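Everything below concerns the one structure shown next.
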Amino acid sequence: MTKWRFLRSGSASGAWNMAVDHTLLESMSRQFQPFFRLYTWEPACLSLGRFQNTSTGLLPGVLDRFPVVRRSTGGGAIWHDRELTYSLGFRAEDLDTSGVKATYERLCGFLLATWKELGYEAGFAKDLGPAPSLGAVTPACFAGTEAYDILVDGRKLGGNAQRRERGFVFQHGSIPFRLDWSALGTLFAPEFLPVPEKVTDLDSLGYREATDALGDRLASNLELCLGILLEPSNLGPAETERADQWAYARYSNIDWTSKGTGTLRPVELPVP
Amino acid sequence: MKLFSLSGEWVEAVESGWRVGLSVENVSDLGDVTFIELPLVGTRVAPDSPAAVIEAVKAATDFHPPVSGTVRLVNAAVSGNPGLLNQDPEGEAWLIELANVVPGDLEPLLTEVAWRAKVHRE
């Protein structure tokens with residue numbers, strides 16, 4: 001049975017959270033040990049998609065007024081406040097599923113299993129009714145509707161995005177306990193706001209367990225769905241230092257955060 | 001005549017150089033493409049490093065060219081209209097055109113017939 005690192009990182013800033021994910025991917029590319037990580041955000045933070053154009057959909061001045069970070073994954077912006085976020089990474093060849101869509105479905109299995117375990121009706125939009133309209137990425141992730149969105153009791157719950165690079169697969173996703181509609185109204189232009197009738201959060205679904213309990217459920221279902229064993233782990237000293245470098249050089253860097261399209265080459269840092 | 005890498009990137013000689021792109025099968029698997037970042041003209045690219053990034057609705061993936069070479073043209077039509085890649089990945093939606101291609105890189109590539117036979121058999 002393949003062993004994956006399991007990190008429960010707790011709360012941190014957006015830049016640190018993205019830097020830790022980046023560092024774990026680097027470690028995995030050298031040691032080939034997949035990882036699963038759970039974390040929260042403090043302070044609340046807006047994350048932008050890798051290529052998201054900040055001039056569309058966001059209200060003026062958002063980048064100056066709120067904590068903002070740019071992700072390595074695509075898609076639209078997410079306001080991370082009262083939520084649990086997961087990230088995972090592995091070698092594509094480690095999963096007995098190939099293809100982008102098939103891998104995505106396989107990976108999201110642990111989310112669907114968790115929602116079903118809690119008694120909710122859950123599935124991909126494409127499997128639950130008429131095909132939703134497909135289209136461009138919306139400025140606000142939760143406003144978008146597409147075939148591979150996860151719907152719970154008929155509404156979109158959270159958002160997930162995947163990045164594939166050099167034979168490695170990275171995916172992270174946001175699971176909102178409670179969407180802060182008043183905050184969303186200060187971030188996105190009205191025409192780009194999610195429609196309340198089409199999205200949901202765990203609070204609205206009646207979920208009352210603590211964050212750690214949800215983390216336990218997700219971890220347990222990931223093990224079952226992928227046939228893996230999660231081993232508790234923490235960042236090592238070298239990884240902590242490396243994450244610090246990424247947080248400083250990239251994820252706190254206003255050029256990285258604000259640009260709509262970036263240079264293809266990442267900021268080069270010496271490999272420790 | 002197009003030649004394909006095992007992972008589904010193609011290269012084809014044209015009058016002015018070598019065009020490279022992504023197979024119909026790969027693009028279909030990605031889904032609706034929403035953004036394409038192409039390299040700068042003059043960049044040296046090689047199969048072992050990403051030359052472009054293609055973002056679809058659920059996954060962003062690196063594009064590795066099947067051969068090494070120097071970028072002499074990028075297809076502005078496809079970067080300006082990413083959906084074109086879904087419509088015609090092996091035609092109008094080529095990604096970059098290379099010069100100074102390393103001839104040895106072509107040797108392990110498969111003909112279109114051989115590549116399709118392989119991927120559809122698997």
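Per-structure values
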{"quantity": "Complete set of residues in the range A:151-172 that are within 15 Å of A:R106 (Cα to Cα) and more than 11 Å from chain B (Cβ to nearest Cβ)", "calculated": "A:H172"}
{"quantity": "In the range A:173-200, residue farthest from the other protein chains (Cβ to nearest Cβ) [restricted to those that are aliphatic (A, V, I, L, M) and either open to solvent by less than 40 Å² (accessible area, probe 1.4 Å) or within 18 Å of the chain's Cα centre (by Cα) (or both)]", "calculated": "A:A183"}
{"quantity": "Single residue of A:P67, A:P60 found to be surrounded by fewer than 21 Cβ atoms within 10 Å (Cβ to Cβ) and free of Cβ contacts under 8 Å to residues at least 40 places away in the same chain", "calculated": "A:P60"}
{"quantity": "Qualifying positions in the range A:19-35 - under 13 Å from A:E239 (Cα atoms), open to solvent by less than 10 Å² (accessible area, probe 1.4 Å) and either of a type in the set (F, W, Y) or in contact with a helix residue (DSSP H, G or I) (Cβ under 8 Å, 6 or more places away or on another chain) (or both)", "calculated": "A:A19, A:V20, A:T23, A:L24, A:S27"}
{"quantity": "Residue tally, condition surrounded by fewer than 14 Cβ atoms within 10 Å (Cβ to Cβ) and modelled with pLDDT of 95 or more, over the range A:122-140", "calculated": "0"}
{"quantity": "Counted residues, the range A:36-47 - those being over 18 Å from A:N234 (Cβ atoms) and aromatic (F, W, Y)", "calculated": "1"}
{"quantity": "Residue in the range B:58-66 that is over 19 Å from A:G99 (Cα atoms) and hydrophobic (A, V, I, L, M, F, W, C) present", "calculated": "no"}
{"quantity": "Residue within the range B:36-52 that is within 8 Å of another protein chain (Cβ to nearest Cβ), over 13 Å from the mean Cα position of the chain (by Cα) and basic (K, R) present", "calculated": "no"}
{"quantity": "A:E191 being at pLDDT below 95 and either of a type in the set (V, I, T) or part of a helix (DSSP H, G or I) (or both)", "calculated": "yes"}
{"quantity": "Filtered residues of the range B:57-70 (kept if more than 7 Å from chain A (Cβ to nearest Cβ), farther than 10 Å from B:V102 by Cβ and either among the basic types (K, R) or in contact with a strand residue (DSSP E or B) (Cβ under 6 Å, 6 or more places away or on another chain) (or both))", "calculated": "B:F63, B:P65, B:P66, B:T70"}
{"quantity": "Residue among A:Y104, A:Y86 that is within 14 Å of chain B (Cβ to nearest Cβ) and not basic (K, R)", "calculated": "A:Y104"}
{"quantity": "B:G104 vs. criteria open to solvent by 30 Å² or more (accessible area, probe 1.4 Å), within 13 Å of another protein chain (Cβ to nearest Cβ) and of a type in the set (G, A, S)", "calculated": "no"}
{"quantity": "Condition broken by A:N53, with the remaining ones in (1) surrounded by fewer than 17 Cβ atoms within 10 Å (Cβ to Cβ); (2) in contact (Cβ under 8 Å) with a residue 40 or more places away in the chain; (3) closer than 28 Å to A:G215 by Cα; (4) within 14 Å of chain B (Cβ to nearest Cβ) satisfied", "calculated": "(3)"}
{"quantity": "Residues of the range A:151-178 classified as over 30 Å from B:H64 (Cβ atoms) and in contact with a strand residue (DSSP E or B) (Cβ under 7 Å, 6 or more places away or on another chain), total", "calculated": "11"}
{"quantity": "Qualifying residue in the range B:14-22 (condition: among the charged types (D, E, K, R), away from every other protein chain (no Cβ under 13 Å) and open to solvent by 10 Å² or more (accessible area, probe 1.4 Å))", "calculated": "yes"}
{"quantity": "B:A76 vs. criteria of a type in the set (G, A, S), out of contact with any Gly (no Cβ under 7 Å at 6 or more places or on another chain) and open to solvent by 50 Å² or more (accessible area, probe 1.4 Å)", "calculated": "yes"}
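Residue-by-condition table, conditions (1) assigned to a loop (DSSP other than H, G, I, E, B); (2) of a type in the set (A, V, I, L, M); (3) touching a residue at least 40 places away in the same chain (Cβ under 8 Å); (4) closer than 27 Å to A:S233 by Cα:
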site	(1), (2), (3), (4)
A:T138	yes, no, yes, no
A:E146	yes, no, no, no
A:F177	no, no, yes, yes
A:A183	no, yes, yes, no
A:L202	yes, yes, yes, no
A:L218	no, yes, yes, yes
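The values are calculated or read from the model by the stated rules, or taken from the named source; none is laboratory data. All of these numbers come straight from a predicted model, not from anything done at the bench. When we count neighbours, we look across all protein chains shown, and the Cβ atoms used for this are built from the backbone with ideal geometry, even at glycine. These accessible areas exclude ligands, DNA and RNA; they are computed on the full protein's heavy atoms, side chains included. Shrake-Rupley method; radii C 1.70, N 1.55, O 1.52, S 1.80 Å.
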